[in-house]
Amino acid sequence: QVQLVESGGGLVQPGGSLRLSCVASGSFFTRYSMSWHRQAPGKQRELVASITYNHNTNYADSVKGRFTISRDNTKNTVYLQMSSLKPEDTAVYYCHVLLLTGDYWGQGTQVTVSS
């Protein structure tokens, strides 16, 4: 059974940093790309960053230079290091994987950037 469990969200001031973690259960992790998405109130869910099984990365233009995605295949964990956070980064952040058996999402973790 595939499970994705995010953690690390919270309230942070503009300019601050947070690190999100997503722990995956299942034997698929080392062979598949993982990604982070976010959804702000009243907006569509959008891709933030993705990382392939061999650590190639891709970022949305809005977070390039501020966010870093990484993975530890020994821990079945994908991370999102977020720096220089802005109020417009406020959203629920979701971990995602697309397998042959379907789409899988975590429950989400809230990130709020506010003074």
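One table, with the values for the structure above:
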| read-out | value |
| --- | --- |
| Test: residue in the range 19-27 that is free of Cβ contacts under 8 Å to residues at least 60 places away in the same chain, within 13 Å of V111 (Cα to Cα), open to solvent by less than 40 Å² (accessible area, probe 1.4 Å) and touching an Asp or Glu at 6+ places or on another chain (Cβ under 8 Å) | yes |
| Top-ranked residue in the range 93-111 [being surrounded by 15 or more Cβ atoms within 10 Å (Cβ to Cβ) and not small (G, A, S); ranked as farthest from L18 (Cα to Cα)] | Y104 |
| Any hit, the range 51-60, residues being open to solvent by 70 Å² or more (accessible area, probe 1.4 Å), farther than 16 Å from K86 by Cβ, part of a strand (DSSP E or B) and of a type outside the set (S, T, Y) | yes |
| Which listed residue is open to solvent by less than 20 Å² (accessible area, probe 1.4 Å) and either of a type in the set (S, T, Y) or within 14 Å of V92 (Cβ to Cβ) (or both), from E6, E46 | E6 |
| Tally of residues being without any contact (Cβ under 8 Å) to a residue 60 or more places away in the chain and either open to solvent by less than 60 Å² (accessible area, probe 1.4 Å) or outside any loop (DSSP other than H, G, I, E, B) (or both) across the range 63-91 | 16 |
| The range 93-115 residues that are under 14 Å from S25 (Cα atoms), paired with ones that are β-branched (V, I, T) (beta carbon under 7 Å, 6 or more apart) | C95/V78; L99/V2; Y104/V2; Y104/V97; G106/V5 |
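Results for (1) within 23 Å of V5 (Cβ to Cβ); (2) touching an Asp or Glu at 6+ places or on another chain (Cβ under 9 Å), shown as yes or no for each residue.
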residue: Q44; (1), (2): no, no
residue: N56; (1), (2): no, no
residue: S62; (1), (2): no, yes
residue: R66; (1), (2): no, yes
residue: R71; (1), (2): yes, no
residue: A91; (1), (2): yes, yes
residue: H96; (1), (2): yes, yes
residue: L100; (1), (2): yes, no
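The values are calculated or read from the model by the stated rules, or taken from the named source; none is laboratory data. Since we're looking at a predicted model, the values are computed, not measured. Positions of Cβ are generated from backbone atoms using ideal geometry, with glycine treated the same way; all protein chains shown enter the neighbour counts. We work out accessible area using only protein heavy atoms, side chains counted, and drop any ligands, DNA or RNA first. Shrake-Rupley method; radii C 1.70, N 1.55, O 1.52, S 1.80 Å.
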